[in-house]
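Input: a single structure, listed below in structure tokens.
The values are calculated or read from the model by the stated rules, or taken from the named source; none is laboratory data. From a predicted model like this one, the values you see are computed outputs, not experimental measurements. Don't worry about glycine lacking a Cβ; one is built from the backbone with ideal geometry, like all the others, and counts go over all protein chains shown.
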Amino acid sequence: MKRISVRSPSNIAFIKYWGQRNKELVLPYNDSFSMNLSNCYTELQIEILEDPSIQKLDFKEYQTETFKPMGEAFLKPVHNMYKTIKQVLGTSEDFGFHMYSYNSFPKKAGIASSASFFSALAMGFARAFHAELTEKELSILARLSGSGSASRSIPDGFVWWHAGESSETSFAESIAPPDYWDIVDLVLVLSREEKKVGSQEGHKGAETSPFFLARQEYLKIHAPEMKQAFLKKDFTKFGTMVEHEALSMHHIMMTQHEPLFFWSGKTVLMLQQISAMRQKGLEVYATIDAGENIHLICQKAHEEQVTRHVAAQGIAEEIISNSAARGTTIL
Ligand code: DP6
């Protein structure tokens, strides 16, 4: 029996992907930009079996001891990914599999658990089919899983996903290695409850927001400016833009039809606290994905102070500290 082990990080987007230009090919409207997270990752082990009728996935939940078999709903996107990869590779080969997946963080809580899982799956399946793919090809495969952000977990460190014009030109690449800048993402777990509406569902309504086109226009200027601030390591400009960008995406979410309110009262309280911290001279900025939990972006030198401050508020159940990390790797 052949065994393949893959580890893949989740990522936090500084420029968000929200809305799909082509749903089938998972093509976004705009470029997005993210950092891979060192302490939020999926470890996936795939046992390759001769009998193709066996397709199993066992999942070990965050902070639990045992793997539990997952049902049809969970296996369906895995099966789809298997079919997509076969089609892309043009192979008629078949195999069965038994997978064991472990997440180092709570899933479906706005910490991009699909990104880490599907990027790991793309690399694992590619290896199982003996395909020698480039990083660009792997990021395209990961995107085709349906979880677009998975494409950004493949390359190392700080990653830019080019929206592209077609499936071949919509891929992610590293713009800086993990050690380029010692910025930290403190994930504030405000709740471990799973969100009720997934991103896949949410993307569909993005264009119905009256502010959708305005955001696209704003991003044409904002995205290259943020990239410049990042490359120059101008933290004040970069952080300010990151926070604006997250609020701009949530503005779309809240004004699309049906509106999506991912924030809880705790999220708003925390956002107010973050602003108060800045007014006291502590440089920290917030970003939020599709969930109520908050990601605090600060420089390593301020991490301890920020953590102390946040812990003292007593709002966060847990704080997960992340530096920039490598992309998807075969173990
Ligand atoms: C708000 O469709 O990639 O996180 O498959 O659930 O990971 P999942 O989501 P995906 O949309 C991501 C939406 C976002 C913003 C972002 O990460 O760019």
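Tabulated data for the structure shown
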read-out: Tally, over region 1-35, of residues that are crowded, with 23+ Cβ neighbours inside 10 Å, in contact with a Lys or Arg (Cβ under 6 Å, 6 or more places away or on another chain) and hydrophobic (A, V, I, L, M, F, W, C); value: 1
read-out: Single unsatisfied condition, LEU247 versus (1) within 15 Å of the ligand (Cβ to nearest atom); (2) part of a helix (DSSP H, G or I); (3) surrounded by 18 or more Cβ atoms within 10 Å (Cβ to Cβ); value: (3)
read-out: Contacts under 7 angstrom Cβ, first residue in region 217-245 being among the acidic types (Asp, Glu), partner assigned to a helix (DSSP H, G or I) and surrounded by 15 or more Cβ atoms within 10 Å (Cβ to Cβ), 6 or more apart; value: GLU225/MET241; GLU245/HIS222
read-out: Subset of region 185-215 that is in contact with a His (Cβ under 7 Å, 6 or more places away or on another chain) and in a loop (DSSP other than H, G, I, E, B) - its residue that is nearest to the ligand (Cβ to nearest atom); value: GLY205
read-out: All positions within region 267-300 that are over 19 Å from SER248 (Cβ atoms) and either assigned to a loop (DSSP other than H, G, I, E, B) or without any contact (Cβ under 8 Å) to a residue 24 or more places away in the chain (or both); value: ALA276, GLN279, LYS280, GLY281, LEU282, GLU283
read-out: Residue, nearest to the chain's Cα centre (by Cα), within region 38-72, restricted to residues that are polar (S, T, N, Q) and either over 28 Å from PRO178 (Cα atoms) or not in a strand (DSSP E or B) (or both); value: GLN63
read-out: Matching residues in region 138-165 - criterion: being away from the ligand (no atom under 13 Å from the Cβ), touching a residue at least 24 places away in the same chain (Cβ under 8 Å) and surrounded by fewer than 19 Cβ atoms within 10 Å (Cβ to Cβ); value: HIS162, GLY164
read-out: Strands (runs of 3 or more DSSP E) enclosed by region 73-176 - at least 2 residues per element that are within 25 Å of GLY19 (Cα to Cα), within 16 Å of the chain's Cα centre (by Cα) and modelled with pLDDT of 95 or more; value: 158-161, 172-176
read-out: Condition met for LYS76 (farther than 30 Å from SER321 by Cβ, in contact with a strand residue (DSSP E or B) (Cβ under 8 Å, 6 or more places away or on another chain), loosely packed, with under 15 Cβ neighbours inside 10 Å and not aromatic (Phe, Trp, Tyr)); value: no
read-out: Hits in region 1-56 (condition: of a type in the set (Ser, Thr, Tyr) and away from the ligand (no atom under 13 Å from the Cβ)); value: SER5, SER38, TYR41, SER53
read-out: Filtered residues of region 113-137 (kept if within 12 Å of the ligand (Cβ to nearest atom) and of a type outside the set (A, V, I, L, M, F, W, C)); value: SER113, SER114, SER116, SER119
read-out: Residues within region 19-48 that are under 26 Å from GLU245 (Cα atoms), in contact with a strand residue (DSSP E or B) (Cβ under 8 Å, 6 or more places away or on another chain) and not hydroxyl-bearing (Ser, Thr, Tyr), tallied; value: 14
read-out: Selection within region 291-312 - surrounded by fewer than 23 Cβ atoms within 10 Å (Cβ to Cβ) and either more than 30 Å from GLU194 (Cβ to Cβ) or of a type in the set (A, V, I, L, M) (or both); value: GLN299, LYS300, ALA301, HIS302, GLU304, GLN305, VAL306, VAL310, ALA311, ALA312
